[in-house]
Amino acid sequence: MFSFQQWAATIHQWLQMHTGNWVVFWECVIIALLAITLFAVLGLVLVLLERKVAAHIQIRLGPNRVGPGGMLQTVADTLKLLMKEGLVPDLADKFLFNLAPFIVMMAAMLLLAPIAFAKGIQIWDINIGVLYVSAVSSISVIGILMAGWSSNNKYAMLGAMRSGAQIVSYELSAGFSVLCIVVLSGSLQISDIIAAQENGWWIFKGHIPVIISFVIFIIAVTAETNRAPFDLAEAESELTAGFHTEYSGMRFALFFLAEYINIFIVCAIGATLYLGGWMPLHIANWTAFNSIMDYIPSSVWFMGKTFALILLIMWFRWTFPRLRVDQLLTLEWKYLLPIGLFNLLLVTLMAIQGWHF
Amino acid sequence: MYSETTIVNPAASAPLKEGQLVINVGPQHPATHGVLHLVITLEGETIIKIEPHLGYIHRSIEKMSESLSYRQFIYVTSRMDYLSAHINNLACALCVEKGMQLEIPARAQVIRIIMSELTRIASHELWVGAMAMDLGAFTPFFYTFRERETINDIMEQTCGARLTMNYMVPGGVMYDLHPEFVSRVKSFIQQFKNKITELEDLVTNNIIFRNRTVGIGVLSKADAISFGCTGPVARASGVDGDIRKRFPYSGYEQLEFEQCIDTAGDSFARYIVRIKEMYQSIHIIEQLIDAIPEGDFQAKTKAVIKLPKGEFYSQVETARGELGVYIISEGGTTPYRIKYRSPGFSNLSALDYMARGSKIGDLMATMGTLDLVIPDIDR
Amino acid sequence: MNAENISTYLQELDPAIVLEAGGEWTTVQVPVSAWKVVAQQLFTDHQLNFLFCVTCVDWKTHLSMVYHLRSTITDTTLVVKVQLNSDQPEIDTVSDIWRTAEFHEREAYEMFGVTFIGHPDLRKLILPDDFEGFPMRKNFEDPVNMIKL
């Protein structure tokens with residue numbers, strides 16, 4: 001199938017010819033610009049998608065006035081947030097207050113690096129790819145706690161504490177689910193994991209234990225990104241917006257965008273690990289079928305899978321009520337973690353004995 | 001101000017202990033559904049004490065009614081519990097008719113019952129939607145409002161308004177039914193029966209919802225009676241005091257329906273009682289809709305009503321509980337003193353007791369199931 | 001036992017208790033001094049456990065508290081009226097017998113100025129804390145806010 005490696009090689013050669021030793025610098029600049037653009041476009045698309053999905057579940061239409069079919073709604077929202085007054089509370093810790101949204105944004109942007117968007121499009125194929133993702137996603141907790149603390153507001157503090165506890169707990173379950181796939185693929189590197197799914201996606205090859213691991217993964221990442229039904233950190237009807245109560249204007253826009261990018265990233269990781277990333281649906285040894293599947297470009301496969309998972313997570317939000325904070329932590333520590341551990345043992349056994357496809 | 005003998009326990013202004021914090025819920029809060037200001041003393045996530053501060057929507061309706069005539073004062077009461085506006089008006093009309101000892105034509109009585117039951121369904125639908133929204137499930141709100149819209153449209157056709165209908169007058173009802181009323185109500189009954197299963201699937205059978213409401217905010221039967229709770233709050237604790245059964249009015253004695261009683265006394269029981277009440281209201285409407293008697297919709301009364309000297313009390317079952325209208329008349333054209341015994345006032349007094357020792361998330365579930373409408377409490 | 005029996009019993013108990021005619025249910029007049037004892041007896045012996053309406057009426061010469069009681073066990077209803085002095089209206093609280101009275105008595109206190117002896121928390125409930133005067137009294141004047149029709 002088509003690979004972007006040719007184009008990347010051509011650009012690299014051209015830059016080397018014209019700029020000599022500054023190649024790396026210029027490549028970094030190009031990548032940075034692309035990443036920021038991707039960030040912005042994804043944010044736009046996801047916010048609008050959420051509103052439309054919500055509306056259709058709630059038997060109404062959603063935004064349909066600004067632009068054809070409401071497509072420019074998020075542009076209008078972003079302009080509004082840009083022009084709003086960004087209030088900083090009087091007794092707030094100014095430095096931390098301003099820094100918090102940037103930390104959350106940085107964590108989200110750094111996570112764009114190991115994701116393989118298509119065959120050959122991957123910013124950094126680091127050999128500890130999965131570990132990198134797990135580690136960097138924990139940095140956002142610091143941003144949230146900073147936001148809550150520096151706001152000088154009881155509600156914000158309570159919300160940040162709850163959120164911190166929640167994210168740290170569910171990191172464990174997500175980690176164990178990811179470990180199942182690492183055990184099966186034999187490598188932490190994202191490209192190796194995708195290559196191992198050439199004869200079929202792990203969710204089909206690994207049957208029951210991997211399906212259990214996938215379910216736990218989806219629950220854990222919904223909780224990690226503070227999405228309903230685990231969104232009590234931002235629960236409007238309980239603590240009025242939680243850790244970002246005091247944020248307005250551009251700072252709030254950064255939190256808001258970072259949340260949606262996080263959703264995209266965790267769904268992308270889920271699609272990569274369990275559903276094959278950019279690998280088309282191959283069934284082992286059915287070469288004719290496989291070559292037909294190869295005609296569909298790899299980027300379409302990747303985006304399709306990621307957006308399917310995003311729609312699933314959005315569906316959760318508009319269907320279920322919220323869990324109370326102690327119920328949420330009970331779910332993690334008493335149910336998901338033991339099941340995840342046991343499942344990991346099962347997957348290891350399966351991998352050693354070769355009981356998977 | 002007051003003598004030393006009056007205050008026995010000044011705990012109201014007791015100083016805070018170490019680790020306790022005071023937060024304000026309201027008066028502007030997405031979950032209180034009205035302007036209710038609760039001052040909550042917390043220790044961590046646990047509630048130590050709740051103090052309601054009322055009066056943000058106090059309009060002195062009782063004092064106003066003393067200068068309004070017996071025809072006029074009914075219309076300020078629609079603003080009290082605006083979700084059961086018809087039933088409020090009915091209570092006032094019944095009280096005045098008791099004083100005048102007036103006989104109401106059969107057609108007017110049947111119309112009154114149908115309107116009251118439709119209002120009860122509309123009120124409970126809104127309550128289910130709002131309560132689910134408090135707990136984080138945003139979708140049922142839209143589904144229940146779809147049913148409520150149908151009822152509002154039916155009301156608008158006959159009564160002229162969607163919220164404060166002002167349709168009941170002493171002697172009967174103000175206008176006759178619109179010709180399309182019967183067919184529209186029948187199609188609404190069909191719509192309700194189809195759509196209520198959606199709600200049951202989405203909310204009642206949802207394990208997260210059950211975890212948040214079962215065992216939360218328990219009110220025992222003796223406490224419910226002591227706090228003066230009425231309506232679904234009391235019935236969920238086992239008190240069978242439905243006014244429509246115990247002291248029937250306006251023709252309820254001829255109808256066949258059940259009181260919905262549960263003994264658990266927790267939030268889930270209060271929820272189930274209201275869902276069952278909706279079914280019972282549909283049952284009542286079905287018994288009447290095909291057999292509305294012909295005749296006058298209003299008994300003849302004098303233009304200016306004067307009640308004889310004495311006192312009159314009428315009680316009805318609103319969607320929230322027992323509403324009592326107590327008129328003391330000195331023989332003039334305006335009442336000497338009116339007292340509205342509002343159900344929300346007594347239900348709210350039980351909130352502090354129910355919520356002590358529970359968490360903030362539970363407070364939303366408990367307060368949601370009490371179904372408080374603040375204008376009803378503040379009058 | 002029904003309401004007539006209760007009122008007969010009360011009249012035998014204390015001769016100052018008078019049966020009042022008219023009204024919807026059996027009504028008795030109880031003097032202020034005997035109110036607490038009578039209330040306790042009505043609750044314990046006669047099972048009148050549901051206090052559903054507490055009203056205060058300003059009769060210009062005196063104030064009057066009206067308590068509507070019902071029994072959920074025997075279904076009897078009794079109305080008790082207590083006359084109070086207009087200059088210094090004081091009456092025993094019944095919030096330790098029927099807990100619903102806590103809020104009702106606070107409202108009567110702020111609207112009419114009736115002092116409830118022994119109430120755990122007698123403060124203004126509905127009116128703002130700095131409100132002056134007793135608005136539901138007939139002689140309450142407020143030239144700014146009250147419009148005479």
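Note on chain A: Rg/Rh from Cα positions, Kirkwood definition for Rh, rounded to two decimals, is 0.98. Sparsely packed loop sites in the range B:199-260 (the GluC sites (Glu not before Pro) outside DSSP H, G, I, E and B with at most 14 other Cβ atoms within 10 Å) comprise B:GLU256, B:GLU258. In this Cβ point-charge picture (+1 for Lys and Arg, -1 for Asp and Glu), chain B has a dipole of about 640 debye about its Cα centre.
Seen through its C-alpha gyration tensor, with square-root eigenvalues sorted a ≥ b ≥ c, the range A:85-235 comes out prolate because a/c lies at 1.5 or above while a/b is bigger than b/c. When you restrict to C-alpha pairs under 8 Å that are six or more residues apart and normalise by the size of chain A, the relative contact order lands at 22 percent. Across peptide A:209-215, the mean count of Cβ atoms from other chains lying within 10 Å of each residue's own Cβ comes to 0. For the pair B:LYS195 and A:LEU349, label points projected 7 Å from Cα toward Cβ lie 5.2 nm apart. Can you classify the range B:195-292 as rounded, prolate or oblate using the Cα gyration tensor, where a ≥ b ≥ c are the square roots of its eigenvalues, rounded means a/c under 1.5, and otherwise it's prolate if a/b beats b/c and oblate if not? Oblate shape, in that a/c is at least 1.5 and b/c is the bigger or equal ratio. Just rank A:ILE219, B:ILE189, fewest to most, by other beta-carbon atoms within 10 angstrom. Listing A:ILE219, B:ILE189 from fewest to most nearby Cβ atoms yields B:ILE189, A:ILE219.
Computed per residue of the protein assembly as shown from DSSP H runs no shorter than four, each worth -39500 (n - 2.57), the mean residue ellipticity at 222 nm is -16000 deg cm²/dmol. Mean partner shielding of peptide B:203-214, defined as the number of other chain Cβ atoms within 10 Å of each residue Cβ, is 3.
In the range B:60-378, Cα pairs under 8 Å separated by at least six residues give a relative contact order of 27 percent.
Summary value for the range C:3-92: 27 percent relative contact order, contacts being C-alpha pairs under 8 angstrom separated by 6+ residues. Protection proxy ranking for A:9-16, B:59-66, B:318-325, B:236-243, using the average of other Cβ atoms within 10 Å per residue and placing the highest first: B:318-325, B:236-243, B:59-66, A:9-16. Neighbouring Cβ atoms from other chains, within 10 Å of the Cβ of residues in B:335-346, number 4 on average.
Would you list the membrane-span-like helices of chain A, meaning whole DSSP H runs whose alpha-carbon atoms span at least 20 Å along their axis and whose mean Kyte-Doolittle value is at least 1.0? Helices meeting the criterion: A:23-57, A:94-110, A:154-185, A:207-224, A:250-275, A:298-319, A:337-353.
If Rh is defined by the Kirkwood formula over all Cα pairs and Rg also comes from Cα, what ratio Rg/Rh do you get for the protein assembly as shown? Rg/Rh: 1.07.
Ordering B:LYS302, A:LYS94 from the fewest to the most neighbouring beta carbons within 10 Å gives B:LYS302, A:LYS94. Relative to the longest principal axis of the Cα atoms of chain B, the long axis of helix B:360-370 lies at roughly 20 degrees. Quick one, what does Rg over Rh come out to for chain C if you take C-alpha atoms and the Kirkwood Rh? With Rg and the Kirkwood Rh in hand, the quotient comes to 1.00. For the options B:ILE114, B:ILE225, B:ILE216, a Gaussian network treatment of chain B with springs between C-alpha atoms closer than 10 Å singles out B:ILE225 as fluctuating the most. Picking from A:GLN189, A:GLN73, A:GLN327, which is most flexible by a Gaussian network model of chain A using Cα springs under 10 Å? For chain A, modelled as a Gaussian network with Cα springs under 10 Å, the answer is A:GLN327. Looking at the range B:60-378, the pairs of alpha carbons with a distance over 32 Å make up 26% of the total.
Rounded to the nearest 20, the Cβ-based charge dipole of chain A about its Cα centre (Lys and Arg +1, Asp and Glu -1) stands at 600 debye. Look at A:ARG60, B:ARG107 and count the other Cβ atoms within 10 Å of each Cβ; fewest to most, that gives A:ARG60, B:ARG107. Given A:LEU15, A:ILE123, A:ILE144, which one lies farthest toward the positive end of the charge dipole of the protein assembly as shown, if we put +1 on the Cβ of every Lys and Arg and -1 on the Cβ of every Asp and Glu? So the residue we want is A:LEU15. Extension gain for A:LEU38 to A:MET71 (0.36 nm times residue separation, less C-alpha to C-alpha distance): 10.2 nm.
Coordinate-derived values only; no laboratory data. Bear in mind that the values here come from a model prediction, so they are computed numbers and not experimental data. Glycine gets a Cβ as well: all are built from the backbone with ideal geometry, and neighbour counts include every protein chain shown.
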